[in-house]
Each structure stands twice: as structure tokens, then as C-alpha cells.
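Data block below; observations after.
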Amino acid sequence: MKAIVVTDQSTGKAGMKLTELPRPQAAINDVVVQVYASGITGDELSWPSTWVDRAGHDRTPSIPGHELAGVVTDLGYGTTGLSVGQRVFGLTDWYRNGTLAEYVAVEARNLAPLPDDVDFTAGAALVMPGLTAWQGLFDHGHLQEGQTVLVHGAAGIVGSMAVQLAREAGARVIGTGRAAHRQTALGFGAHEFVDLDNDNLENIEKVDLVFDVLGGDIAKRSASLIRSGGRLVTVTGPTDARPANGSTIDFVVEANPAQLNEVVQRLQEGRLRTNIGATSTLDDAVATFNSTNRVTGKTIILVRP
């Protein structure tokens, strides 16, 4: 099968190549999925899990990519809940070969059925943004109807999803970003927009939750905006940002089929839309990964166009 591989952490993206590899086999509780579409994350070559297994041993050559939509072709021993020929989408294990390949072996518990009326491109684009936004807002942020949430990077891949889910849940949403992103953020449903270059962040009303994808100084400045008992939830790793009478949570997104079912249902009903900035093919994936062009929105690799 065709696959994108990386072999040397020191060379990073420059060491990526398209090659032929044996088709994976389904282990116990696995399925093999023929990948139709895969999402990519620009910084995943900096993640330790790209290069080592859970025991810390080198696992190169490794295949990047962890978001997929495709069709089940094989079932491992003991696998239940899925069937050969079924359309699925989901998030693969960080420490296993990923989805920039024609086939991938995945734990069945990481996948959800992809409805027939949702195309593979949209399915792949929902996975990590949808799960990250859902888990940040509801699992960790405990967002409730009537509360106010500040979403940083509101026009971005994850931020735009958080804006939509928060508004749909009945929250008041304040989005932030650069001036050029104002209309995009408002178009995704933000009630208000703060231009981080020109507006004074500290002038906004107190909020119950900050959903942060930026980190650094912005996260620290946001801590003072949180009401007593509120939360700052970030995906940027451990931070010194601490609300005076609240809590800070940093988290890594996890596979969750039930939550995928929630977001894809909203997509079907027109209550949610993806934020796709570019598409490419597997043959062009190395060039796409190495491109210096700035893309607003998710990049999707069409493995089986």
C-alpha cells in the first residue's frame, strides 16, 4: 500500500516520503480501515508519540496522521460492534501508525459509524476539532446554558467548532483572533469578537469559561477575566495561568465514539459545519505538509479521491 512515512526526528518534515509498505493486519479488537480521507495536524512531528511506542522504544518508520474516514475491510479476533463494508470515522492511537496511508489498523473502540449522507472529507474534518471542542467545553469546562465562554482562535480549526457547539448549547460566545478573522468568527456564531491586536482583552465582561488554543501570554491575561468558580481550559499544555477563584485544566483530546455521534448528528441537521481550508491527495501529501502557505481551516488528505 502507499503510505507517508517519517524516519528521522531531526529532519522533521524534510524527511517525509511517500513509499510502499505492507498492508496492516488486524490485531485482537482491531479493524483495518481503507482510508478515504485523513486530517493532518501541522505540529504532530514534534509529538514524542510520532517517534516512539508506549514503552519509549523507537518505532520508525512511522506513519503520521490520526484522523480518518473510510470503510472497514477486515476484523480482528474478538472485534465487535463494527462490520466489514461499514463506513466509519474516528481518531487513531497516538502511538501507532496513522492515517496517511491507504489502510490503517485501528482499535474498533476508537471509531464511530459515518452516516451515508456525510461524505468522507467532512467526516475526517470533524474528528479532532469536534472531539477537542466537545471535551474542552463540556467534559472539562462544564459549560451550561446561559453561561458566557471566551473562545480564543475563534476562526480557527478547533475554535470555530467550539464557537458553534457553545452557541448551540445556549451559551453566550465571545471569540478572539486577528482583525482579518472577525467576520469568519462571527459567521460561525460568535456573539462578539475581540481583535487581539487592537482591542483591549481586559475590557470584556467576566466569563464562566475560557477555551484556549493559543497559550502563552493570552492565556495568562485571560485568567483574570474568569468569574469565581469558573475554568480556564487549554489544549496548549501545562500553563501558569490561574484564575484567582477558579481552576485551570490542560488536556489532550481522546477518542470517543459517542461524542463523534453527537457532532456528526449536528452536522447532518445543519447545526454544525466543518472548517476545511484545503484538500490534497496522498501523492501530494509530502508537499502539502511542507508547504509554507498559510491555510485557514483544516487540511484534508484525500487518500482515495
Hits in region 247-305 (condition: part of a helix (DSSP H, G or I), touching a Leu at 6+ places or on another chain (Cβ under 9 Å) and either in the same structural domain as Trp134 (by TED's automatic domain parsing) or of a type in the set (Gly, Ala, Ser) (or both)): Ala285
Scope region 190-224; condition crowded, with 17+ Cβ neighbours inside 10 Å and under 17 Å from Gln144 (Cα atoms); matching residues: Ala190, Val207, Asp208, Leu209, Val210, Phe211
Criterion violated by Asp93 - all others in (1) more than 22 Å from Thr281 (Cα to Cα); (2) over 15 Å from the mean Cα position of the chain (by Cα); (3) in a loop (DSSP other than H, G, I, E, B) satisfied: (2)
Residues within region 225-246 that are crowded, with 21+ Cβ neighbours inside 10 Å and either part of a helix (DSSP H, G or I) or touching an Asp or Glu at 6+ places or on another chain (Cβ under 6 Å) (or both), tallied: 2
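Residues are listed down the side, and each one gets a yes or a no for (1) touching a Ser or Thr at 6+ places or on another chain (Cβ under 8 Å); (2) at pLDDT 95 or above:
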{"position": "Gly56", "(1), (2)": "no, no"}
{"position": "Ile63", "(1), (2)": "yes, yes"}
{"position": "Gly76", "(1), (2)": "no, yes"}
{"position": "Trp94", "(1), (2)": "yes, no"}
{"position": "Gly123", "(1), (2)": "no, yes"}
{"position": "Trp134", "(1), (2)": "no, yes"}
{"position": "Thr148", "(1), (2)": "no, yes"}
{"position": "Gly156", "(1), (2)": "yes, yes"}
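So in region 6-30, with the set limited to residues that are of a type in the set (A, V, I, L, M) and in contact with a Leu (Cβ under 9 Å, 6 or more places away or on another chain), which one is surrounded by the most Cβ atoms within 10 Å (Cβ to Cβ)?
Among those residues, the one meeting the criterion is Val6.
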Count of region 26-82 residues which are assigned to a loop (DSSP other than H, G, I, E, B) and either within 16 Å of Lys2 (Cβ to Cβ) or not small (Gly, Ala, Ser) (or both): 21
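Would you check if Leu260 is in contact (Cβ under 8 Å) with a residue 60 or more places away in the chain and touching a strand residue (DSSP E or B) at 6+ places or on another chain (Cβ under 9 Å)? Steps first, please.
Values: in contact (Cβ under 8 Å) with a residue 60 or more places away in the chain: yes; touching a strand residue (DSSP E or B) at 6+ places or on another chain (Cβ under 9 Å): yes.
Spelling it out, Leu260 is indeed in contact (Cβ under 8 Å) with a residue 60 or more places away in the chain and touching a strand residue (DSSP E or B) at 6+ places or on another chain (Cβ under 9 Å).
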Selected residue (only one of Leu143, Leu126, Leu150, Leu137 is part of a loop (DSSP other than H, G, I, E, B) and either within 23 Å of Ile4 (Cα to Cα) or not hydroxyl-bearing (Ser, Thr, Tyr) (or both)): Leu143
Close pairs (6 angstrom Cβ cut-off, 6 or more residues apart or separate chains): without any contact (Cβ under 8 Å) to a residue 60 or more places away in the chain and not assigned by TED's automatic domain parsing to the domain that holds Gln86 in region 17-40, charged (D, E, K, R) and buried (at least 23 other Cβ atoms within 10 Å of the Cβ) anywhere: none
Flag for Leu165 being in the same structural domain as Gly215 (by TED's automatic domain parsing), modelled with pLDDT of 95 or more, aliphatic (A, V, I, L, M) and under 20 Å from Thr234 (Cβ atoms): yes
Some residue of region 101-123 being in contact (Cβ under 8 Å) with a residue 40 or more places away in the chain, of a type in the set (Val, Ile, Thr), within 25 Å of Leu272 (Cβ to Cβ) and not in a loop (DSSP other than H, G, I, E, B): yes
Residue check, Leu68 modelled with pLDDT of 95 or more, in contact with a Pro (Cβ under 6 Å, 6 or more places away or on another chain) and within 30 Å of Leu214 (Cβ to Cβ): no
Selected residue (only one of Glu254, Glu192 is touching a residue at least 12 places away in the same chain (Cβ under 8 Å), under 27 Å from Arg273 (Cα atoms) and under 19 Å from the mean Cα position of the chain (by Cα)): Glu254
Selection from region 209-224 of residues that are part of a strand (DSSP E or B) and out of contact with any helix residue (DSSP H, G or I) (no Cβ under 6 Å at 6 or more places or on another chain): Leu209
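The values are calculated or read from the model by the stated rules, or taken from the named source; none is laboratory data. Keep in mind that this is a model prediction, so the values were computed, not measured. Here the Cβ is made from the backbone with ideal geometry for all residues, glycine too, and neighbour counts use every protein chain on show.
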